[in-house]
Amino acid sequence: MITRARGFTLIEVLAAIALLAIAFAIGLGALGKSAQNAARAAALDAAVEHAQSLFAEQGLVAPLKNASTEGTFDDGMRWTLKVRALPRPAQGTGAAVTLQQGGLMMAQAANIELWQLDATVQYGAGRVLRLATQRAQAAPPQDTDQ
């Protein structure tokens with residue numbers, strides 16, 4: 001009686017190696033995509049932090065004024081900041097007024113100025129982040145002797 005040896009044939013071993021290679025290639029591609037997404041997220045986080053730092057600096061040293069400035073951060077990201085005054089209520093009313101601004105209703109006291117701050121940060125490969133906020137500051141005293 002002749003008994004056959006148990007084991008895998010050469011075809012079965014080659015098929016198993018081919019399946020492992022395909023699975024490894026798919027896993028490596030997913031890992032690479034994951035690393036790219038993590039890098040993009042880190043760059044976006046840095047851009048948001050830069051824009052928030054621009055907003056935080058405004059009005060600390062000098063009062064806000066209509067201006068447009070631009071520059072580059074230490075990490076190479078370029079930025080632009082536009083500051084503009086929003087319409088003021090009618091003088092002499094002394095009361096709060098309601099303004100219509102881009103579909104939003106805003107209440108504004110007569111002795112408060114509202115400012116629109118728009119920041120643009122260029123980061124990554126041609127990506128652009130745009131953030132906007134509004135800031136309030138006390139209105140300068142009005143000269144009533146005229």
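Can you name the number of the only condition in (1) surrounded by fewer than 15 Cβ atoms within 10 Å (Cβ to Cβ); (2) modelled with pLDDT of 90 or more; (3) out of contact with any Leu (no Cβ under 6 Å at 6 or more places or on another chain) that T69 fails?
Going through the list (1) surrounded by fewer than 15 Cβ atoms within 10 Å (Cβ to Cβ); (2) modelled with pLDDT of 90 or more; (3) out of contact with any Leu (no Cβ under 6 Å at 6 or more places or on another chain), T69 breaks only (3).
Take the residues of segment 1-34 that are β-branched (V, I, T) and part of a loop (DSSP other than H, G, I, E, B): which is nearest to the chain's Cα centre (by Cα)?
Here the answer is T9.
Under the condition of being touching a Leu at 6+ places or on another chain (Cβ under 7 Å) and surrounded by 16 or more Cβ atoms within 10 Å (Cβ to Cβ), which residue from segment 103-115 is modelled with the lowest pLDDT?
Q108
Pairs, please: C-beta under 6 Å, at least 6 apart or cross-chain, first residue without any contact (Cβ under 8 Å) to a residue 60 or more places away in the chain and more than 18 Å from A138 (Cβ to Cβ) and in segment 51-62, second assigned to a loop (DSSP other than H, G, I, E, B) and of a type outside the set (A, V, I, L, M)?
none
If you go through segment 34-52 one residue at a time, how many are of a type in the set (G, A, S), closer than 14 Å to Y123 by Cβ and surrounded by fewer than 15 Cβ atoms within 10 Å (Cβ to Cβ)?
3
Take T9 and decide whether it is modelled with pLDDT of 95 or more and either touching a Ser or Thr at 6+ places or on another chain (Cβ under 9 Å) or loosely packed, with under 10 Cβ neighbours inside 10 Å (or both).
It is false that T9 is modelled with pLDDT of 95 or more and either touching a Ser or Thr at 6+ places or on another chain (Cβ under 9 Å) or loosely packed, with under 10 Cβ neighbours inside 10 Å (or both).
The values are calculated or read from the model by the stated rules, or taken from the named source; none is laboratory data. Since the structure is predicted, the reported quantities are computational estimates derived from the model, not experimental observations. With ideal geometry, Cβ positions are generated from the backbone for all residues, glycine too; neighbour counts draw on all protein chains shown.
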